[in-house]
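A.B. asks: To start, I am sharing the structure in question, which I have written as structure tokens.
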Amino acid sequence: MSRRSVLSRLALALPVGLFAACSTGPGSSGGPSGGTADPVRLDYGPDASQFGELTLPAGDGPVPVVMVVHGGFWRSSYGLELGRPLAVDLAGSGVAAWNVEYRRVGGGGGWTATFDDVAAAVDRLADIAASEAGARLDLDRVVALGHSAGGHLAAWLAARPGLPAGAPGADPRVRLRGAVSQAGVLDLVDAAERAVGASAVPDLMGGSPAELADRYALGSPVARVPIGVPVVCVHGTADANVPIRQSERFTAASGDELVTLPGVDHFAVIDPSTDAWRACRDAAVRLLD
């Protein structure tokens, strides 16, 4: 499915005018929805792709955080606009949404830049929480939620405390309580060997598993088991983009929960109008409790 088709599908799932308001460009938004505040753009580095959008729920008390990591096989043709509808829904459910962009393949990403960026985006929450913009954030309750390539990155972020010193992402300032993988690419070696996303995995890592075994050992979530915190894997049986085998292999190795969605395709899990998305949102909320 093309980028245009994905965005068109998400537009149909939102109230009239809301998707257009959310999609006009980085940091822009329409009026608040469901009592939530407008998203605020906050940079975490100097590159044009090193920023996130923070959307807070209504109210004044402390709120947990869900970091939204978009997919697109780590390629620059897709961006955080895919996460904006999810951020709106999450904030409407009473949690803060930190929807992040990152350098992708074709735009300065790959090993290690893509990994460095999502790690820096999580750690930026420590500074945001100390500022007026994020004073309500409860950093003891932070979960990552990611779709497809973003599911890979969300699970990898959860594993950061177990990375060896000096590895990309090691020694996190903000530790996650868990992660939700939405049809995630969780076994990079298997995905590379089976050409999931064509050449997407070797393009991300800079070569094949045989050539770069050390990189794959650090960057593949299944290679980081035990993760140390729960990773809930939500995956449709009709996914033609990332086979459910990816989540099955990870949960078999980790003992984590696999939520199987019969007949569901790759994109329903990021469509706020679907039960598939609600299964993802509910999993994130459970991890925050």
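The values are calculated or read from the model by the stated rules, or taken from the named source; none is laboratory data. Only a predicted model underlies this, so the values are computations on that prediction, with no experimental measurement involved. Note that each Cβ is placed from the backbone with ideal geometry, even for glycine, and that neighbours are counted across all protein chains shown. Please note that ligands, DNA and RNA were not included when accessible areas were found on the heavy atoms of the full protein model with its side chains. Shrake-Rupley method; radii C 1.70, N 1.55, O 1.52, S 1.80 Å.
A.B. asks: Could you list, in sequence order, all residues of the stretch 195-211 that are under 21 Å from A253 (Cβ atoms) and free of Cβ contacts under 8 Å to residues at least 12 places away in the same chain?
C.D. replies: A210
A.B. asks: Only one of R136, R175 is touching a Leu at 6+ places or on another chain (Cβ under 8 Å) and charged (D, E, K, R); which?
C.D. replies: Every option except R136 fails the conditions.
A.B. asks: Of all residues in the stretch 168-196, which are open to solvent by less than 20 Å² (accessible area, probe 1.4 Å), outside any helix (DSSP H, G or I) and either among the aliphatic types (A, V, I, L, M) or modelled with pLDDT under 95 (or both)?
C.D. replies: The answer is V174, L176, A179, V180, A183, V185, L186, V196.
A.B. asks: Further, regarding this structure: Identify the residue in the stretch 73-94 that is in a loop (DSSP other than H, G, I, E, B), free of Cβ contacts under 8 Å to residues at least 60 places away in the same chain and under 26 Å from D187 (Cβ atoms) and, among all such residues, is most open to solvent (accessible area, probe 1.4 Å).
C.D. replies: Among those that are in a loop (DSSP other than H, G, I, E, B), free of Cβ contacts under 8 Å to residues at least 60 places away in the same chain and under 26 Å from D187 (Cβ atoms), it is S76.
A.B. asks: In the stretch 33-41, is there at least one residue being at pLDDT 90 or above and part of a loop (DSSP other than H, G, I, E, B)?
C.D. replies: Yes; the residues of the stretch 33-41 include at least one that is at pLDDT 90 or above and part of a loop (DSSP other than H, G, I, E, B).
A.B. asks: Next question, about the same structure. Can you pull out every residue in the stretch 255-286 that is open to solvent by 50 Å² or more (accessible area, probe 1.4 Å) and farther than 18 Å from A179 by Cα?
C.D. replies: Matches in the stretch 255-286: P262, G263, D265, S273, D275.
A.B. asks: What do you reckon, is L125 part of a helix (DSSP H, G or I), modelled with pLDDT of 95 or more and under 23 Å from A58 (Cβ atoms)?
C.D. replies: On the way: part of a helix (DSSP H, G or I): yes; modelled with pLDDT of 95 or more: yes; under 23 Å from A58 (Cβ atoms): yes.
Yes; evaluated as a whole, the condition is true for this residue.
A.B. asks: Regarding the stretch 98-107, can at least one residue be identified that is over 22 Å from A159 (Cβ atoms) and not in a strand (DSSP E or B)?
C.D. replies: Scanning the stretch 98-107, I find at least one residue that is over 22 Å from A159 (Cβ atoms) and not in a strand (DSSP E or B), so the answer is yes.
A.B. asks: Out of the residues in the stretch 124-167 that are free of Cβ contacts under 8 Å to residues at least 60 places away in the same chain and open to solvent by less than 20 Å² (accessible area, probe 1.4 Å), which is farthest from G109 (Cα to Cα)?
C.D. replies: R160
A.B. asks: Right, here's the next one. Looking only at the stretch 267-289, which residues are of a type in the set (G, A, S) and without any contact (Cβ under 8 Å) to a residue 40 or more places away in the chain?
C.D. replies: If the condition is that a residue be of a type in the set (G, A, S) and without any contact (Cβ under 8 Å) to a residue 40 or more places away in the chain, then A268 is the only one that fits.
A.B. asks: I've got another one for you. From A240, A223, A213, A252, which residue is in contact with a Phe, Trp or Tyr (Cβ under 7 Å, 6 or more places away or on another chain) and surrounded by fewer than 20 Cβ atoms within 10 Å (Cβ to Cβ)?
C.D. replies: Every option except A223 fails the conditions.
A.B. asks: Still on this structure, I have one more. Within the stretch 58-72, track down each residue that is open to solvent by less than 10 Å² (accessible area, probe 1.4 Å) and either part of a loop (DSSP other than H, G, I, E, B) or hydroxyl-bearing (S, T, Y) (or both).
C.D. replies: Matches in the stretch 58-72: H70, G71.
A.B. asks: Of these, D214, D256, which one is out of contact with any strand residue (DSSP E or B) (no Cβ under 9 Å at 6 or more places or on another chain) and of a type in the set (D, E)? Don't jump to the end; show me each part of the working.
C.D. replies: Numbers: D256 fails: out of contact with any strand residue (DSSP E or B) (no Cβ under 9 Å at 6 or more places or on another chain).
Answer to the check: D214.
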